[in-house]
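Undergrad: Can you read through this structure? Questions will come right after.
The values are calculated or read from the model by the stated rules, or taken from the named source; none is laboratory data. What you see is a predicted model; the values in this text were computed from it and never measured. Reconstructed Cβ throughout: ideal geometry from the backbone, glycine too, with neighbour counts over all protein chains shown. Accessible surface is based on the protein model in full, side chains and every heavy atom, while ligands, DNA and RNA are left aside. Shrake-Rupley method; radii C 1.70, N 1.55, O 1.52, S 1.80 Å.
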Amino acid sequence: MAETSKAGPSMTGQQGTGHSGTGQRGTAFRERVRGWLAEHAPGGDDHVPEASESAPTEQQLAAAKRFQAALFDAGLAGLTWPAEYGGQGLTAAELQIFQEEAAAYDLPTGVFLISMGMCGPTLVDLGTHEQKVRYLPPLLRGEEIWCQLFSEPGAGSDVASLQTRAVRDGSGDWVVTGQKVWTSGAQYADFGALLARTNPDEAKHRGLTMFVVDMHAPGVTVRPLRDMTGSAPFNEVYFDDVRIPADAVIGEVDAGWAAAVTMLGHERVSIGGSVRRRYDPMTFDSLRDEARARGVAGDPVVRGELAELYAAERKLALLNARLRQQSDAGLAPGARGSVAKLAGAQVLWQAVRVAGLVVGPRAIAWEPGDPSGDALALAINATPASSIAGGTNQIQRGIIGDRVLGLPKEPQVDRDVPFRELRVGTQAR
Amino acid sequence: MAETSKAGPSMTGQQGTGHSGTGQRGTAFRERVRGWLAEHAPGGDDHVPEASESAPTEQQLAAAKRFQAALFDAGLAGLTWPAEYGGQGLTAAELQIFQEEAAAYDLPTGVFLISMGMCGPTLVDLGTHEQKVRYLPPLLRGEEIWCQLFSEPGAGSDVASLQTRAVRDGSGDWVVTGQKVWTSGAQYADFGALLARTNPDEAKHRGLTMFVVDMHAPGVTVRPLRDMTGSAPFNEVYFDDVRIPADAVIGEVDAGWAAAVTMLGHERVSIGGSVRRRYDPMTFDSLRDEARARGVAGDPVVRGELAELYAAERKLALLNARLRQQSDAGLAPGARGSVAKLAGAQVLWQAVRVAGLVVGPRAIAWEPGDPSGDALALAINATPASSIAGGTNQIQRGIIGDRVLGLPKEPQVDRDVPFRELRVGTQAR
Amino acid sequence: MRLILDEEQRRLADSVRALLADHCPPQRVREVMADDGAGIDRRLWTQLAELGVTGLLVPEAAGGAGAGHVDRCVVLAELGAALAPVPYLASAVLATDAAIALGDDTLAEDLLPEIAAGQQTVAVAVADAGGRWGSAADSVQAARDGGHWRLAGEAAFVVDGPFADHVLVYADHGWFVVDGGAVSWRPSRTLDPTRRMARAEFARTSARYVPCADPAGVLEAVWQRAAVALAAEQLGGMRRVLDDTVEYAKVRVQFGRPIGSQQAVKHACADLYASCEQAEAVLWHAAWTADHDPAALPEAAALAQVVLGPAAFDTAASGLQLHGGIGYTWEHDAHLYYKRAKTSELLLGTPAEHRARLADALSI
Amino acid sequence: MRLILDEEQRRLADSVRALLADHCPPQRVREVMADDGAGIDRRLWTQLAELGVTGLLVPEAAGGAGAGHVDRCVVLAELGAALAPVPYLASAVLATDAAIALGDDTLAEDLLPEIAAGQQTVAVAVADAGGRWGSAADSVQAARDGGHWRLAGEAAFVVDGPFADHVLVYADHGWFVVDGGAVSWRPSRTLDPTRRMARAEFARTSARYVPCADPAGVLEAVWQRAAVALAAEQLGGMRRVLDDTVEYAKVRVQFGRPIGSQQAVKHACADLYASCEQAEAVLWHAAWTADHDPAALPEAAALAQVVLGPAAFDTAASGLQLHGGIGYTWEHDAHLYYKRAKTSELLLGTPAEHRARLADALSI
């Protein structure tokens, strides 16, 4: 690793190890990115938190949009998107280089994560030419933000059991009624990718359709949803007879499940490749420093636990690096990305345990002015999200078993039942 | 615990803690048992191993039968069985006292474990008067030994999918063909409790019947089955047109599943209450002594691991003691006994890990003359049995979920299918 | 050794549970939690006193019930299950045990009848800012000032300190009692919003010295009894989480059937149950030992925290996980048990320290 | 840093795998295992030599392939998957690495060509009866006897010792080479019947001293390379167990459907897969580091054993468990992987010692 020690991301974090794209073109691109970031990356105040932290302020939102516009102007937005719609038409290698360089900064890109990582790529894949022309350039210029509207109170892991209805009226428009939940960014999003049931007489995976919905349309109500950390990075979104024009369908009518699978595939990649915050109390680096500061780093038990935590982080980082190398070599990670998600959650849970040993009672009560106490508590309280959000650990194991290992499916009692006859959520029977 | 410190079982083993039956009658009985054992309990050479050790020698077998006869003569055999059939007509309290006192010895009762713990009690519950008169007294006198014939190569966890057939011929006799496996003691058993399919047109749980089978009958072939420890405490038993008279049915024809459930209920109690060997390398006591002998007991990591192992043993021992107290108070353990089985396996797996830390490389290679090396290797190699034999951990968790917690059943694809249409084992489709 | 409750103890559990069901539903816990001015539920505390459970370990002569640790653990398990915001751990456990163990008649006569009657609450300050049990011995200094003593310095992790009428302080390796109102309190931020803790600042604070032959012995005795009492709270939380999770698994439908019919959920529930059952046996053993076999208490108390600490947290975390997204919301109660369990796991030291204590008791 | 195999390495893996499939099926492993006279499969060893893999790390000048650790790990993974009874770990890893690290031309010229050609095998003796790496330094004494040296004492845990033509001994804190035939061997009983170990007794055994500036440094270098090589074997075993278990889960029917459709089995298989994938990344990183970044090897090698040791055992144990009763039989191969994995987990020290090594490397 000597060759990579000069710069770049922490070698011990969950993020990548080593660099990709060492060809000449890659080197030139890396230099350009590095130079641009050194000049334009804003300071920590502009940091826009991702989910499981608090919602961004107006100022942060404005700064984020400005930064995205600057990225666009510099030719660094939509690296892998078609040039025709404002992208740069480059490859995954350049994207990887950009992420590696960006990892050294706390870029204010959090609010665009879903827009850029999920909604945009899905439009690239499935949108009509008109949709791409209308939506992609403003997105890349930081003018419009998107959110994703899949989950419902009664449809968590089992997304396909969702109950939000879209009914076509005489004019050809659709009228939407229902409730979504866990929607990041709904309070500031301009558009949403909405999954709704268009044919309840079909089995649950059939009869769904994906729409572009204008979040400012009449009948859309957004309510913040507090999570267990006490902050409200998510929302509930209510649809009360919201009208959507016929040309807002993404993909085909009643083929929404396939569109959703496409989008969730981008989500896994996006999660695996997301940029980590520079300071996180729940890492080996932080906890080793804590242990040193508290004088317990020499305790053999603490030492062993720290070494195990390092090993857990490192094996995950190396797994991710290997997945990327395989991907570069033409073997897309696909469902194997679930391994990284599963392992990532396990590392965090392990870190919570180690934090208790290292920090001791100070992890449970601290002085009001002590930001490290607040940060540690937030990290402890955010950890359950790692094994729940984006598909629970149980769901990830099922994905690995079914799609990677090819194990036989469980008996599916809901496969061929018309949706209107199905029990879902916790509704009365 | 000061009041219980004078005698009795190890306070740290997985076996009980504290004594039951402190009433006057109990005290007198305890004195009698203690006195008799002090006088009659044979030395270690007569020890008859249980499953997962090697098969007993002829001499051990003879000694075991003599010891059982002596127990019978002393009025200490079949403590809870009806006096009418040779038992003592006492209560679970006396049995508990006996087991507590016996725990201090290495009694040669291993070969009778299944006879006394499972087959006998099932005959008491379900046998005809004639069957009880014929079979129970010789069993208690140590003259006849029984084995249990349920499991088959294709029917492990799913016992009810067994394929051994019993067909009634013109004379009213039954003719049995098939193969059993995992049969402890078949090589020296005189009788077996056989579960066979008598009606393959019924669903799998129906159409089974339990029989008494004479293990010396023509057509019965017993072959030793080596397990991963290298010893052969189990057997395969082949039935090749074995004739069984009509009066050998235990319970009702085609009601064998209920009979099997009755017998397996006794098995759980029997496992929970079985007498432990005095020396076992895979206990806290042994590993603490090992650690001291090797000078690593002061290592903080080893110390912590030993304390955790102690805690695991102790919480299981206390759980068992509590189950007994509840049982004495009228709350039968029932399916909750699965918790003890599950926890018992977890303790052993934990001990294997701790043994590695304590013993180090000497656990993997040792001098030919070193019995502690052999014993430790045997214990490491026998540990998988703890989470497989008598129902895998997975099966135990299902039992707890279904019967203790009342969680909904899984979809059962084989519930109402005639057996002959069902896929079982690994047979071709 | 008795590991199951008798009829009277079950009735005690029932009556506390009924009181809490009526007067301390989750909504009430959240009201108190949100009100930094209140911090504890004084009405509920009075009701518990009227029920006669605030002075369970106080001798009858001092107006208490003269009952045992098992009885007190019965109450604590219910309080832990309900996350009841009352100063029971501070006043009816830590302070009561310290006042009894100190063996000073004047102190006992002053404090115990008031504690038993629920008229006054008492807190205990034994730790410095690092949180190690007994470390206040060095962070709070005592000096004689004429006929009085004065304390100077700081103690932290004082559970329910700001609401206490008196504070027992382990200062300068001895025991002192001070008026709660004479202490300068700085409420701490806490992981668990239902368990208040504070720093106590002493600035030449007038104190009364409590004569005691073995102050460190009292400190240790209080730890052991606190370890048992906290374990009872932990068990109560575990039981509640298990019950809620099993109930949810029965009604929540995904993929066309209740999630409890899925092995991933069912087997996890079975593991929770197995953990609870063993934890419960360990708890009642520890409580019984505190009552009947004090010589074995160092081991039994350490065992209780070695087992219950991590088990309660794992149970809370697993229960939350099995609820999925709803369990991660502020509105659902799962997070309150999660935060309480993590707090309890570290309140009396880290799991590694508890293991070391157990190893000491076993002479490993 | 490269964590995936290139085309040539994949061909190497394929050719070794094909050879082992033909000449080292499980039945063959069991034959050699049952034959205490044989102990190793000499014919297979010759075939591996003909394939050119016994001298992968031997420089081309000495008749070897001059290849790297990644290539050798490719071979070791296949040998581990097949449990091949050949002295590869002893001769092509431990002895080769020691001979290279010692840097003594005479020794290298004597041993390396023979090792590469598969004509002779060499064992390494570094541990005393307690098994700690390097402890033979004290249990075997060296004394000068005229122009010669003589060794006296005992070394243990000598992998494939009795079959070796030469033995490299770490005696008296220096390195010596002795004739295998001059050593008095006492075969040990081993947990793993497919990996032979023995005690070597030296009684004024004639030895040749190997001049070396830093004998302890060589000892450490050999450990690090052995840790990487053993990790490759461990990975091979893990992959085989995973494949066998998944295959079995697809065909074994219980309760009317394949057990692999049950979440208890499916999710356990997923966990095995996740463990394997991470272990593989760690292994190739360690091998790459050994080839390209020696300064980082202490960390990477310790990491490999911290991760692969327990992971391989847990995988073997879980795979056996998922086979149920059949996995517990002698006839099924699951137990061979279980015993090998436990052996490998402890062969180079305990997991706690590996963690301590990693902590050292990280300067914790």
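Undergrad: Taking D:Val86 and the conditions (1) in contact with a Lys or Arg (Cβ under 9 Å, 6 or more places away or on another chain); (2) farther than 20 Å from D:Ala304 by Cβ; (3) touching a residue at least 60 places away in the same chain (Cβ under 8 Å); (4) not aromatic (Phe, Trp, Tyr), which numbered condition does it fall short on, given that it satisfies the others?
TA: Only one criterion in (1) in contact with a Lys or Arg (Cβ under 9 Å, 6 or more places away or on another chain); (2) farther than 20 Å from D:Ala304 by Cβ; (3) touching a residue at least 60 places away in the same chain (Cβ under 8 Å); (4) not aromatic (Phe, Trp, Tyr) is unmet by D:Val86, namely (3).
Undergrad: Has the range D:33-41 got any residue that is in a helix (DSSP H, G or I) and over 24 Å from D:Asp97 (Cα atoms)?
TA: Yes - at least one qualifying residue is present in the range D:33-41.
Undergrad: Return the only residue of A:Lys315, A:Lys341 being within 21 Å of D:Ala296 (Cβ to Cβ), assigned to a helix (DSSP H, G or I) and open to solvent by 10 Å² or more (accessible area, probe 1.4 Å).
TA: A:Lys315
Undergrad: Mind checking whether some residue in the range A:11-18 is within 13 Å of A:Ala102 (Cβ to Cβ) and at pLDDT below 95? First the steps, then the outcome.
TA: We begin by selecting, within the range A:11-18, every residue within 13 Å of A:Ala102 (Cβ to Cβ); these are A:15-16.
Next, from what is left, pick out any that are at pLDDT below 95: A:15-16.
Yes, the range A:11-18 contains a residue that is within 13 Å of A:Ala102 (Cβ to Cβ) and at pLDDT below 95.
Undergrad: Right, next: Filtering the range C:280-298 down to residues that are crowded, with 24+ Cβ neighbours inside 10 Å and at the interface with chain B (Cβ under 10 Å from one of its Cβ atoms), which residue is nearest to C:Trp223 (Cα to Cα)?
TA: In this case the residue turns out to be C:Ala286.
Undergrad: Right, here's the next one. Looking at the range A:165-188, which of its residues are more than 16 Å from A:Val253 (Cα to Cα) and touching a residue at least 60 places away in the same chain (Cβ under 8 Å)?
TA: Passing the criteria: A:Thr177, A:Gly178, A:Gln179, A:Trp182, A:Ser184, A:Gly185, A:Gln187, A:Tyr188.
Undergrad: Please determine whether any residue of the range D:250-261 is within 22 Å of D:Tyr337 (Cα to Cα), within 9 Å of chain B (Cβ to nearest Cβ), open to solvent by 20 Å² or more (accessible area, probe 1.4 Å) and out of contact with any helix residue (DSSP H, G or I) (no Cβ under 7 Å at 6 or more places or on another chain).
TA: Yes, because at least one residue in the range D:250-261 is within 22 Å of D:Tyr337 (Cα to Cα), within 9 Å of chain B (Cβ to nearest Cβ), open to solvent by 20 Å² or more (accessible area, probe 1.4 Å) and out of contact with any helix residue (DSSP H, G or I) (no Cβ under 7 Å at 6 or more places or on another chain).
Undergrad: Listed residues C:Glu154, C:Glu201, C:Glu114; which is closer than 18 Å to C:Ala62 by Cβ and open to solvent by 10 Å² or more (accessible area, probe 1.4 Å)?
TA: After applying the criteria, what remains is C:Glu114.
Undergrad: Still on this structure: Mind checking which residues of the range A:290-309 are crowded, with 19+ Cβ neighbours inside 10 Å and not basic (Lys, Arg)?
TA: Hits for the range A:290-309 are A:Glu290, A:Ala291, A:Val296, A:Ala297, A:Val301, A:Val302, A:Gly304, A:Glu305, A:Leu306, A:Ala307, A:Glu308, A:Leu309.
Undergrad: Tally time: how many residues in the range B:97-151 are farther than 24 Å from B:Val253 by Cα, open to solvent by less than 20 Å² (accessible area, probe 1.4 Å) and not hydrophobic (A, V, I, L, M, F, W, C)?
TA: Count: 6.
Undergrad: Moving on. Quickly run through the range A:210-226 and pick out the residues that are within 14 Å of chain C (Cβ to nearest Cβ) and part of a strand (DSSP E or B).
TA: If the condition is that a residue be within 14 Å of chain C (Cβ to nearest Cβ) and part of a strand (DSSP E or B), then A:Arg223, A:Pro224, A:Leu225 are the ones that fit.
Undergrad: Considering only the range D:206-233, how many residues are in a helix (DSSP H, G or I), of a type outside the set (Phe, Trp, Tyr) and open to solvent by less than 50 Å² (accessible area, probe 1.4 Å)?
TA: Result for the range D:206-233: 15.
Undergrad: Could you check, for the range A:302-322, whether at least one of its residues is out of contact with any His (no Cβ under 7 Å at 6 or more places or on another chain), within 14 Å of chain C (Cβ to nearest Cβ) and more than 30 Å from D:Cys269 (Cα to Cα)?
TA: Among the residues of the range A:302-322, at least one is out of contact with any His (no Cβ under 7 Å at 6 or more places or on another chain), within 14 Å of chain C (Cβ to nearest Cβ) and more than 30 Å from D:Cys269 (Cα to Cα), which makes the answer yes.
Undergrad: Would a scan of the range A:249-260 turn up a residue that is out of contact with any Pro (no Cβ under 9 Å at 6 or more places or on another chain), at pLDDT 95 or above and among the acidic types (Asp, Glu)?
TA: Yes, the range A:249-260 contains at least one residue that is out of contact with any Pro (no Cβ under 9 Å at 6 or more places or on another chain), at pLDDT 95 or above and among the acidic types (Asp, Glu).
Undergrad: From B:Arg415, B:Arg397, B:Arg423, which residue is open to solvent by 50 Å² or more (accessible area, probe 1.4 Å), touching an Asp or Glu at 6+ places or on another chain (Cβ under 9 Å) and within 9 Å of another protein chain (Cβ to nearest Cβ)?
TA: After ruling out the rest, the residue left standing is B:Arg423.
Undergrad: How many residues does the range D:318-329 contain that are under 14 Å from D:Cys276 (Cα atoms) and not polar (S, T, N, Q)?
TA: The number of residues fulfilling the criteria is 1.
Undergrad: Suppose we filter the range A:380-394 for residues that are open to solvent by 10 Å² or more (accessible area, probe 1.4 Å) and either in contact with a strand residue (DSSP E or B) (Cβ under 7 Å, 6 or more places away or on another chain) or of a type in the set (A, V, I, L, M) (or both); how many remain?
TA: 4
Undergrad: Which of the residues belonging to the range D:270-288 are among the charged types (D, E, K, R) and farther than 16 Å from D:Ala249 by Cβ?
TA: Across the range D:270-288, the qualifying residues are D:Glu277, D:Glu280.
Undergrad: Something else about it: For the range D:317-340, does any single residue satisfy the condition of being touching a residue at least 60 places away in the same chain (Cβ under 8 Å), within 15 Å of B:Arg353 (Cβ to Cβ) and buried (at least 23 other Cβ atoms within 10 Å of the Cβ)?
TA: no
Undergrad: Identify, please: which residue in the range C:140-165 is part of a loop (DSSP other than H, G, I, E, B) and either touching a residue at least 12 places away in the same chain (Cβ under 8 Å) or touching a Phe, Trp or Tyr at 6+ places or on another chain (Cβ under 9 Å) (or both) and is, among those, farthest from the other protein chains (Cβ to nearest Cβ)?
TA: Selected residue: C:Asp165.
Undergrad: Is there any pair linking a residue in the range D:175-189 that is away from chain B (no Cβ under 14 Å) to one that is open to solvent by less than 50 Å² (accessible area, probe 1.4 Å) and of a type in the set (S, T, N, Q), with Cβ under 6 Å and at least six apart or on different chains, and which?
TA: Partner pairs satisfying both residue conditions: D:Val178/D:Thr205; D:Ala182/D:Thr205.
Undergrad: Let me ask you something else. So in the range D:235-245, with the set limited to residues that are surrounded by 21 or more Cβ atoms within 10 Å (Cβ to Cβ) and within 14 Å of chain B (Cβ to nearest Cβ), which one is nearest to B:Asp158 (Cα to Cα)?
TA: Of everything passing the filter in the range D:235-245, D:Thr245 is nearest to B:Asp158 (Cα to Cα).
Undergrad: For the range B:239-262, give me each residue that is under 12 Å from B:Gly127 (Cα atoms) and not in a helix (DSSP H, G or I).
TA: B:Val249, B:Ile250, B:Gly251, B:Glu252
Undergrad: Out of A:Ala375, A:Ala379, A:Ala351, report the one residue that is out of contact with any helix residue (DSSP H, G or I) (no Cβ under 7 Å at 6 or more places or on another chain), closer than 20 Å to C:Ser318 by Cβ and more than 10 Å from chain C (Cβ to nearest Cβ).
TA: Values: A:Ala375 fails: closer than 20 Å to C:Ser318 by Cβ; A:Ala351 fails: out of contact with any helix residue (DSSP H, G or I) (no Cβ under 7 Å at 6 or more places or on another chain).
Result of the check over A:Ala375, A:Ala379, A:Ala351: A:Ala379.
Undergrad: What do you reckon, is A:Val354 crowded, with 21+ Cβ neighbours inside 10 Å, more than 23 Å from the chain's Cα centre (by Cα) and not in a loop (DSSP other than H, G, I, E, B)?
TA: Taking the combined requirement at face value, the residue satisfies it.
Undergrad: Only one residue in C:Leu283, C:Leu297 is in a helix (DSSP H, G or I), over 30 Å from A:Pro418 (Cβ atoms), touching a Leu at 6+ places or on another chain (Cβ under 9 Å) and of a type in the set (A, V, I, L, M). Which one?
TA: Matching residue, one of C:Leu283, C:Leu297: C:Leu283.
Undergrad: So which of D:Glu50, D:Glu60 is out of contact with any strand residue (DSSP E or B) (no Cβ under 7 Å at 6 or more places or on another chain) and free of Cβ contacts under 8 Å to residues at least 12 places away in the same chain?
TA: D:Glu60
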